[in-house]
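What follows is a short report on a single structure.
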Amino acid sequence: MPLSDITVDRSEIDRLDEALIALVEQRRAVSERIQRRRVAAGGTRVDLAREQTVFRRYEAALGSSGVAIARALLHLCRGR
């Protein structure tokens, strides 16, 4: 494979990474909005049952590595 093909593929990966980062930022904003609403209604900021649903979804789609991705994603989206 010529190096130019690798460069093109890496550019595609860079674009995909940018899209993934943008999606994570969007997810974080929605998650923070949900947390604020839940707390305002007298609930807790974190919903552990919901997190288990997310873990299962990622594991079903991506296998055991999906759990690690879900864990990192949930950590990022828990707010500050």
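The values are calculated or read from the model by the stated rules, or taken from the named source; none is laboratory data. Quantities reported herein were computed from a predicted structural model and do not represent experimental measurements. To get the accessible areas, we keep the full protein, side chains included, count just its heavy atoms, and leave off ligands, DNA and RNA. Shrake-Rupley method; radii C 1.70, N 1.55, O 1.52, S 1.80 Å.
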**Item:** Matching helices (runs of 4 or more DSSP H) fully within the chain where at least 2 residues are modelled with pLDDT under 95
**Value:** 3-40
**Message:** For the stretch 38-80: of the residues being open to solvent by 60 Å² or more (accessible area, probe 1.4 Å) and β-branched (Val, Ile, Thr), which is nearest to ARG28 (Cα to Cα)?
**Reply:** ILE69
